[in-house]
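Nothing in this text is a laboratory measurement; each read-out follows from the coordinates by a stated rule. Quick caveat: nothing in here was measured; it's all calculated off a predicted structure. For neighbour counting, all protein chains shown are included, and Cβ atoms are generated from backbone atoms with ideal geometry for every residue, glycine included.
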Amino acid sequence: MEYEGFVSIWLGNFVALNDLMEYAADDTFDEDGNNIPSRSASDFFDVEKQAFDPDFFELGVFEPSSSLTALVKEFSYGDSFEVGGIKLKKTYNAVILVYDFKYIPKNGINAPVDFIASVPFEKHDL
């Protein structure tokens, strides 16, 4: 759900950025020109189209880490994410961030990424 001032965070492990892009961002079209949502949209939102504005998300693949702070620090507003109290149970190398969006978790999702949290963040000049 759109929610100003929150960022929703998913983490996973991907070999390369192209693999993450294919999962998270690459919508395709059928023979009639109808939009087929990315696999992440289907996994987490169970919708026929992206549940959030695709202009307000970032993603990346980095050195593996079990520190959420380390994984998000390179992103636009990463230094303002309130993630200090979140402990990860495993190591990740891929991050998907959706700004101004507060994801409401669902049970029983089998996906290559884990929803970690929706946390407050501050927009500042980049």
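Annotations
- Protection proxy ranking, highest mean first, for peptides 83-94, 102-113: 83-94, 102-113, where packing is the per-residue count of other beta-carbon atoms within 10 Å, averaged.
- Other residues lying with their Cβ under 15 Å from the Cβ of SER66 contribute a combined charge of +2, Lys and Arg counting +1, Asp and Glu -1.
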